[in-house]
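None of the figures in this text is laboratory data; all of them are computed from the coordinates on show. Predicted model, so just to flag it, every value in this text is computed and none were measured. Because the Cβ atoms are built from the backbone with ideal geometry, glycine has one as well, and the counts that use them run over all protein chains shown.
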């Protein structure tokens, strides 16, 4: 399979795939949630940009649980038994570390974009 680096959807997919785990942690930072509510909340805070599919959400949650970043408990929500996930102290630290790393990356990307825009304006003048 050949990647089409000229296709914005390629880049969107790569970015979303790597950010979905961070948004899971960030959303749980606000408080415990069950999977469906977690997915909906991520969609809300990212304005639909980065909401993990069920196929990505639950494997990530299970990995976070295995590694002690989240805990899981059963709770009845709306008459249904749900698995509710809560960040541990280790999960909080992972969230803060991830946000710091992405902040540095975002700043570098924005600086790179600004320098291209400045070069383009200089070339037009």
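Ordered by the number of other Cβ atoms lying within 10 Å of each residue's own Cβ, fewest first, 2, 84, 70 fall into the sequence 2, 84, 70. With contacts taken as Cα pairs under 8 Å and at least 6 residues apart, the chain reaches a relative contact order of 23 percent.
Can you tell me the 0 to 90 degree angle between the C-alpha axis of helix 8-29 and the longest principal axis of the chain, rounded to 10? That helix lies at roughly 40 degrees to the long axis. Distance between the modelled labels on residue 106 and residue 46, one decimal in nanometres: 1.3 nm (7 Å Cα→Cβ projection). Taking 0.36 nm per residue of sequence separation and removing the Cα-Cα distance, the residue 15/residue 53 pair yields an extension gain of 12.2 nm. Helix 35-45 axis versus longest C-alpha principal axis of the chain: approximately 30°, rounded to the nearest ten.
A Förster radius of 30 Å combined with the Cβ-Cβ distance from residue 7 to residue 97 puts the calculated FRET efficiency at roughly 0.45. Taking Cα atoms, how many degrees apart are the long axis of helix 54-66 and the longest axis of the chain, rounded to 10 and kept between 0 and 90? Roughly 70 degrees between the two axes.
Once the chain from residue 90 to residue 77 is taken as fully extended at 0.36 nm per residue, the excess over their C-alpha distance is 2.0 nm.
When each of 50, 95 is scored by the number of other beta-carbon atoms lying within 10 Å, the sequence from fewest to most is 50, 95. Between residue 63 and residue 117, what FRET efficiency comes out of the Förster formula 1/(1 + (r/R0)^6) with R0 = 22 Å and r the beta carbon distance, rounded to 0.05? Efficiency, from the Cβ-Cβ distance: 0.05.
Here, the chain has an Rg and a Dmax of 18.2, 66 Å when only alpha carbons are counted.
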